[in-house]
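Undergrad: Okay, handing you the structure first.
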Amino acid sequence: MDPTTDNAGWTGNTGDSRASLEALRAEIAKAVVGQDPAVTGLVVALLCRGHVLLEGVPGVAKTLLVRALASALELDTKRVQFTPDLMPSDITGSLVYDTRTAEFSFQPGPVFTNLLLADEINRTPPKTQSSLLEAMEERQVTVDGTPRPLPEPFLVAATQNPVEYEGTYPLPEAQLDRFLVKLTIPLPTRDDEIAVLTRHASGFDPRDLHAAGVRPVAGPAELEAARTAVAQTTVSPEITAYVVDICRATRESPSLTLGVSPRGATALLATSRAWAWLTGRDYVIPDDVKALALPTLRHRVQLRPEAEMEGVTADAVINSILAHVPVPR
C-alpha cells in the first residue's frame, strides 16, 4: 500500500473521513499540482502533532504547499527565511522596552503561529536552529525565564535544499529526530509541469490563494476530533512487535552507522495509526507500517561512508529491511 495512491480520508465530527480528505486534496490541488504524497504526509503530521522536514530543489512549490494547506484548514501560517545572520530571538520573539510605560513587553516572534514554514533551515547556524527545539518538543518558548505556550495546533514545516551544501549547517541528528517525517518533493512529471505553466498562462498568482479559489474545508475543531479518533485506533501486540523489529534491524544493518532510536519507533507507530485511520480503519495492519516507514525513518538513520560512496541510499536500506523482516499474520 502506498499513501500517495490509496483513497484516503479525513474525518471530523461527521465521521465522513474519506470525503473530507478528498475535499482537502481537491482544495489544495487548486493551487498545487501533483503533490498528493506531500499533502498526505503533512496531514499525517498534523494528526500526530509532529513536524515535517521538506526536501526538494528550489521552485517545486514547497512554500505554496504549506500556505495552501493552511488556507484549506483555516490555520494561521508564517514563513521565516533562514539566513546565516538570523538570531534565535528573530524566531521566538524578544522583550522590547516601552518608553510610554517604562516597562519591557514581550513581542512574539513568527513561531507563534499554527504552521511555521522554516525555509532553508540548514542555512542558519546551529544556535538559531536549536531555538526551534523547545518550540517543537515542548510547544512553548522561554524568554527571560518565562515559558510562553504556542498556539494549538502547531506544526513546523522546515525545508532544505538537497543539492547545494556550500555555506550550510547540516541539522544534527538530535534535531533531525525531532521531525516526525521527512518528505521529498520531486520535480513534477511532464504532464504536471504543463499543467503548472498552463495555469500561470491563464493568470494564476501563487501569492493570491483566495483568487485561486482555495477555501477552508476543515478547521481546528475538526482536526482535534480527528486526533481523538486516531488515538483510539487499535494496535495489536503483533503490530507493535513488527515496528520494533523493523527499527532494531536498522541498528544491525551493515550499511548504517546509526539506526532508528526508540523515539523513531514511537514515531512509526504513531504515523501508522494515523494512516490506518485515514484509510477508514480503526486498527493498524502491516501495510500501514510499510506505507509510512520511509518518510518516518529515512532521516533517522545514517549511512556508512563506504555505503554512501557505493551509491546506497537510506531509502534503499529501509526498503531492504522491510523486505526481510517477517510480517505478522
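The values are calculated or read from the model by the stated rules, or taken from the named source; none is laboratory data. Because the structure is predicted, anything quoted here is derived from the model rather than measured. Positions of Cβ are backbone-derived with ideal geometry, glycine not excepted, and every protein chain shown enters the neighbour counts. When the accessible area is computed, the model is the full protein with side chains, heavy atoms only, and any ligands, DNA or RNA have been set aside. Shrake-Rupley method; radii C 1.70, N 1.55, O 1.52, S 1.80 Å.
Undergrad: Looking at the stretch 133-217, which trypsin sites (Lys or Arg not before Pro) are in a loop (DSSP not H, G, I, E or B) and have at most 15 other Cβ atoms within 10 Å?
TA: Within the stretch 133-217, the qualifying trypsin sites (Lys or Arg not before Pro) (loop, at most 15 other Cβ atoms within 10 Å) are 139, 207.
Undergrad: At 0.36 nm per residue, and after removing the present C-alpha to C-alpha distance, how many nm does the segment from residue 192 to residue 312 gain when stretched out fully?
TA: 40.3 nm
Undergrad: Name the lysines eligible as straight-distance cross-link partners of residue 78: C-alpha to C-alpha under 26 Å, and not fewer than 8 places from it in the same chain.
TA: Partners found: 30, 62, 127, 182.
Undergrad: Now for a separate question. Where in the stretch 269-311 does the amide nitrogen come within less than 13 Å of the point 7 Å from the Cα of residue 234, taken along Cα to Cβ?
TA: Output list for this probe position: 281-285.
Undergrad: Once you sort the root eigenvalues of the Cα gyration tensor of the chain as a ≥ b ≥ c, which label holds: rounded (a/c under 1.5), prolate (a/b larger than b/c) or oblate (the other case)?
TA: Judged from the Cα gyration tensor, the chain comes out rounded (a/c under 1.5).
Undergrad: Using +1 at the Cβ of each Lys and Arg and -1 at the Cβ of each Asp and Glu in the stretch 120-161, identify which of 133, 145, 159 lies farthest towards the dipole's positive end.
TA: 159
Undergrad: Counting only protein heavy atoms, what percent of the accessible surface of the chain is carbon or sulfur at a 1.4 Å probe?
TA: C and S fraction of accessible area: 53 percent.
Undergrad: Less than 20 Å from a label point 7 Å out along the Cα-to-Cβ axis of residue 199: which backbone N atoms in the stretch 71-88 qualify, by residue?
TA: Within reach of a label on residue 199, which here means backbone N under 20 Å from a point 7 Å along Cα→Cβ, the stretch 71-88 contributes 71-75, 77-79.
Undergrad: Find, among the chymotrypsin sites (Phe, Trp or Tyr not before Pro) in the stretch 87-166, those assigned to loop by DSSP (not H, G, I, E, B) with at most 11 other beta-carbon atoms within 10 angstrom.
TA: The qualifying sites are 165.
Undergrad: Related question: Can you compute the modelled spin-label distance between residue 207 and residue 251, with each label point 7 Å from Cα toward Cβ, in nm?
TA: So the two model labels end up 5.1 nm from each other.
Undergrad: Accessible area per residue, 1.4 Å probe, Å², for the stretch 149-281: what's the number?
TA: 50
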